Amino acid sequence: AVVAKQIGEGTVLTINTFLWYGYLMNGSNANEFAKMLLDTCDLHDLKITPPLRARICENETDRYAFIFNYSDGPVNGHIRGYGFDEAVKVASNDVVVLHKPKAV
(Lines give C-alpha, C1' and ligand atoms only; values in the text may rest on other atoms or scores of the structure.)
Protein backbone atom coordinates (compact mmCIF):
# COMPACT_ATOMS: atom_id res chain seq x y z
CA ALA A 1 0.00 0.00 0.00
CA VAL A 2 1.11 3.56 -0.69
CA VAL A 3 -0.31 6.36 1.46
CA ALA A 4 0.36 10.05 0.75
CA LYS A 5 -0.18 12.73 3.40
CA GLN A 6 0.19 16.49 2.91
CA ILE A 7 2.22 18.19 5.64
CA GLY A 8 2.75 21.89 5.11
CA GLU A 9 4.05 22.34 1.57
CA GLY A 10 5.38 18.77 1.32
CA THR A 11 4.07 15.26 1.02
CA VAL A 12 5.03 12.25 3.13
CA LEU A 13 4.77 8.86 1.42
CA THR A 14 4.40 5.68 3.43
CA ILE A 15 5.10 2.61 1.34
CA ASN A 16 4.26 -0.71 2.98
CA THR A 17 6.24 -3.17 0.92
CA PHE A 18 9.51 -5.04 0.83
CA LEU A 19 10.68 -2.88 -2.08
CA TRP A 20 14.41 -3.52 -1.66
CA TYR A 21 13.83 -7.25 -1.20
CA GLY A 22 11.90 -7.14 -4.47
CA TYR A 23 14.82 -5.33 -6.06
CA LEU A 24 17.00 -8.37 -5.37
CA MET A 25 14.50 -10.86 -6.81
CA ASN A 26 14.67 -11.87 -10.48
CA GLY A 27 11.63 -10.90 -12.50
CA SER A 28 10.63 -8.23 -9.98
CA ASN A 29 8.96 -4.94 -10.90
CA ALA A 30 10.72 -3.13 -8.04
CA ASN A 31 12.97 -1.12 -10.39
CA GLU A 32 10.01 0.09 -12.44
CA PHE A 33 8.11 0.99 -9.26
CA ALA A 34 11.10 2.94 -7.87
CA LYS A 35 11.49 4.80 -11.20
CA MET A 36 7.77 5.63 -11.17
CA LEU A 37 8.19 7.11 -7.66
CA LEU A 38 11.18 9.16 -8.78
CA ASP A 39 9.32 10.52 -11.81
CA THR A 40 5.88 10.99 -10.25
CA CYS A 41 6.92 12.42 -6.89
CA ASP A 42 9.84 14.54 -8.15
CA LEU A 43 12.22 12.57 -5.94
CA HIS A 44 15.92 12.83 -6.60
CA ASP A 45 18.65 10.23 -6.69
CA LEU A 46 22.08 11.39 -5.52
CA LYS A 47 25.21 9.37 -6.18
CA ILE A 48 28.60 10.25 -4.75
CA THR A 49 31.92 8.45 -4.58
CA PRO A 50 32.56 6.87 -1.16
CA PRO A 51 33.82 7.82 1.38
CA LEU A 52 32.51 11.29 0.46
CA ARG A 53 29.14 12.35 1.88
CA ALA A 54 26.80 15.01 0.50
CA ARG A 55 23.94 17.16 1.72
CA ILE A 56 21.77 19.21 -0.62
CA CYS A 57 20.16 22.53 0.34
CA GLU A 58 17.97 24.57 -1.96
CA ASN A 59 15.75 27.60 -2.19
CA GLU A 60 13.46 28.82 -4.95
CA THR A 61 16.30 29.71 -7.33
CA ASP A 62 19.48 27.94 -6.24
CA ARG A 63 20.76 24.53 -5.16
CA TYR A 64 23.90 23.86 -3.10
CA ALA A 65 25.75 20.60 -2.55
CA PHE A 66 27.93 20.34 0.54
CA ILE A 67 30.49 17.58 -0.08
CA PHE A 68 32.13 16.27 3.11
CA ASN A 69 35.31 14.21 3.43
CA TYR A 70 35.68 12.76 6.93
CA SER A 71 38.67 10.59 5.95
CA ASP A 72 42.34 11.13 6.76
CA GLY A 73 43.34 11.70 3.13
CA PRO A 74 42.17 13.72 0.12
CA VAL A 75 39.49 12.12 -2.06
CA ASN A 76 38.89 12.58 -5.78
CA GLY A 77 35.28 11.71 -6.48
CA HIS A 78 32.16 12.42 -8.48
CA ILE A 79 28.69 13.71 -7.59
CA ARG A 80 25.66 13.10 -9.81
CA GLY A 81 22.06 14.05 -9.17
CA TYR A 82 19.96 17.12 -8.27
CA GLY A 83 21.40 18.83 -11.37
CA PHE A 84 25.01 18.13 -10.39
CA ASP A 85 27.29 15.98 -12.53
CA GLU A 86 30.84 16.94 -11.63
CA ALA A 87 34.18 15.70 -10.46
CA VAL A 88 35.20 16.92 -7.00
CA LYS A 89 38.39 16.87 -4.98
CA VAL A 90 37.96 17.25 -1.24
CA ALA A 91 40.88 17.58 1.16
CA SER A 92 41.09 15.48 4.29
CA ASN A 93 38.47 16.44 6.92
CA ASP A 94 37.19 19.26 4.72
CA VAL A 95 34.07 20.31 2.84
CA VAL A 96 33.52 21.64 -0.69
CA VAL A 97 30.40 23.61 -1.63
CA LEU A 98 28.98 23.41 -5.16
CA HIS A 99 26.30 25.78 -6.52
CA LYS A 100 23.80 25.28 -9.34
CA PRO A 101 20.97 27.60 -10.34
CA LYS A 102 17.71 25.64 -10.47
CA ALA A 103 16.12 25.22 -13.87
CA VAL A 104 13.18 27.52 -14.29
(request) Please indicate, with yes or no, whether at least one residue in the stretch 32-53 is more than 16 Å from the chain's Cα centre (by Cα) and not hydrophobic (A, V, I, L, M, F, W, C). (result) yes
(message) Among the residues that make up the stretch 39-50, is at least one of them at pLDDT below 90 and on the phi > 0 side of the Ramachandran plot?
(response) yes
(message) For the stretch 66-94, which positions are under 30 Å from E9 (Cα atoms) and either open to solvent by 30 Å² or more (accessible area, probe 1.4 Å) or modelled with pLDDT under 95 (or both)?
(response) F66, F68, R80, G81, Y82, G83, F84, D85
(request) Could you please let me know if I56 is among the β-branched types (V, I, T), touching a Phe, Trp or Tyr at 6+ places or on another chain (Cβ under 6 Å), under 30 Å from T17 (Cα atoms) and crowded, with 16+ Cβ neighbours inside 10 Å? (result) yes
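Tell me, yes or no, whether the stretch 96-103 has at least one residue that is open to solvent by 60 Å² or more (accessible area, probe 1.4 Å) and at pLDDT 95 or above.
yes
The values are calculated or read from the model by the stated rules, or taken from the named source; none is laboratory data. Quick caveat, the model's predicted, so the values are computed rather than measured. With ideal geometry, Cβ positions are generated from the backbone for all residues, glycine too; neighbour counts draw on all protein chains shown. With ligands, DNA and RNA removed, areas are computed over all heavy atoms of the protein, side chains included. Shrake-Rupley method; radii C 1.70, N 1.55, O 1.52, S 1.80 Å.
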